[in-house]
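The values are calculated or read from the model by the stated rules, or taken from the named source; none is laboratory data. Note that the structure is a prediction, hence the values are computed from the model and not measured. All Cβ positions, even for glycine, are placed from backbone atoms using ideal geometry, and neighbour counts span all protein chains on display. The accessibility values were calculated without ligands, DNA or RNA, using every heavy atom of the protein model including side chains. Shrake-Rupley method; radii C 1.70, N 1.55, O 1.52, S 1.80 Å.
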Amino acid sequence: MGDREIDQVLVERAQRGDKHAFGLLVEKYQRKLGRLLSRMIRDQAEVEDVVQESFIKAYRALPNFRNDSAFYTWLYRIGINTAKNHLVAMGRRPRAVPEIEVEDAENFEGGDELRTIATPETELMSKQVAQAVNDAVGSLPEELRAAISLREIEGLSYEEIATLMNCPIGTVRSRIFRARETIAEKLRPLLDTSEHRRW
């Protein structure tokens, strides 16, 4: 049984009033949702509050969930909307620059280079590459940044991103392609100094 099928079973149980089943979904996605929302909200305590509020909203809306999309796609949409509403209520805009850790950077195409060059002699180089990825992603327009983050860091499919961003799948592909091109362009000077020239 795949991940989505397991979620479906838990959702159906929760819809019948099984609070333990919903609790398992909370445990499964709490940290993942928190990571996603921390790209929008800086304060970690606020992120935790918004995550909690998102799950409360999801629980209340559960009778309306029809399994047209994966549960976590539906949950992420609730989370993103809750975060946006929170920021509007606080009179703030979503965070402009997502902070990407080294292990996140390895999820980008070119991650092979990062792993290959991460020897003691080239540890500094690895940090520079990770920082360059961070800077490159941070400089992207919001729509490209959101698309590449959902794809490469959260691991969502193109279909799920299209649902989340409420746009055609072709638009998602275009945004991700443009984001990768921009990131590759900014990384090329760094990676060309090593033996790896696949970029």
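Per this entry, residue 45 is counted among residues that are part of a helix (DSSP H, G or I), surrounded by fewer than 16 Cβ atoms within 10 Å (Cβ to Cβ) and among the hydrophobic types (A, V, I, L, M, F, W, C). As a summary of the residue check, residue 22 satisfies the conditions (1) in contact (Cβ under 8 Å) with a residue 24 or more places away in the chain; (2) surrounded by fewer than 16 Cβ atoms within 10 Å (Cβ to Cβ); (3) in a helix (DSSP H, G or I) except for the one numbered (2).
Can you report the number of residues in segment 2-27 which are β-branched (Val, Ile, Thr) and within 14 Å of residue 60 (Cα to Cα)? Adding up the residues that qualify gives 2.
Summed over segment 151-176, the residues that are under 17 Å from residue 78 (Cα atoms), open to solvent by less than 10 Å² (accessible area, probe 1.4 Å) and free of Cβ contacts under 8 Å to residues at least 40 places away in the same chain give a count of 1. For beta carbons closer than 6 Å, sequence separation of 6+ or different chains, a first residue in segment 71-84 that is within 9 Å of residue 54 (Cα to Cα) and a second that is among the hydroxyl-bearing types (Ser, Thr, Tyr) and crowded, with 23+ Cβ neighbours inside 10 Å, the qualifying pairs are 78/54; 79/54; 82/54.
A single entry from 61, 14 fulfils the requirement of being farther than 28 Å from residue 142 by Cα, in contact with a helix residue (DSSP H, G or I) (Cβ under 9 Å, 6 or more places away or on another chain) and free of Cβ contacts under 8 Å to residues at least 24 places away in the same chain: 61. For residue 30, the test of being of a type in the set (S, T, N, Q), open to solvent by 80 Å² or more (accessible area, probe 1.4 Å) and in contact with a Phe, Trp or Tyr (Cβ under 8 Å, 6 or more places away or on another chain) is passed. For segment 1-11: of the residues being part of a helix (DSSP H, G or I) and open to solvent by 80 Å² or more (accessible area, probe 1.4 Å), which is nearest to residue 71 (Cα to Cα)? Within segment 1-11, the match that is nearest to residue 71 (Cα to Cα) is 4.
With respect to (1) outside any helix (DSSP H, G or I); (2) crowded, with 16+ Cβ neighbours inside 10 Å, the lone exception for residue 67 is condition (2).
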